[in-house]
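Structure record follows, encoded as structure tokens.
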């Protein structure tokens, strides 16, 4: 559970050595999520995908998923986390 103004971090890990290197998309309720405002997307050590949401607000309540896609197809799109509120 999350309270307003908290910072949360969500991570997903790619299988090491995946070739060709996949394109990664973070999705929020099925729509592409980009870095900006209080959302930060990053990659650590080429395999750890990280989404950081700072100063979280009530309107951030959503389902977050990540999708990896290369010429062989796509994987993911199962929920990484669902932002739920502690009320």
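The values are calculated or read from the model by the stated rules, or taken from the named source; none is laboratory data. All values derive from a computational prediction rather than experimental measurement. Cβ coordinates were reconstructed from backbone atoms using ideal geometry, including for glycine residues, and neighbour counts include every protein chain displayed.
How many residues are modelled with pLDDT under 90, surrounded by 13 or more Cβ atoms within 10 Å (Cβ to Cβ) and over 14 Å from residue 6 (Cβ atoms) if we restrict to region 50-75?
So the answer is 10.
Somewhere in region 76-86, is a residue part of a strand (DSSP E or B), within 11 Å of the chain's Cα centre (by Cα) and at pLDDT 90 or above?
no
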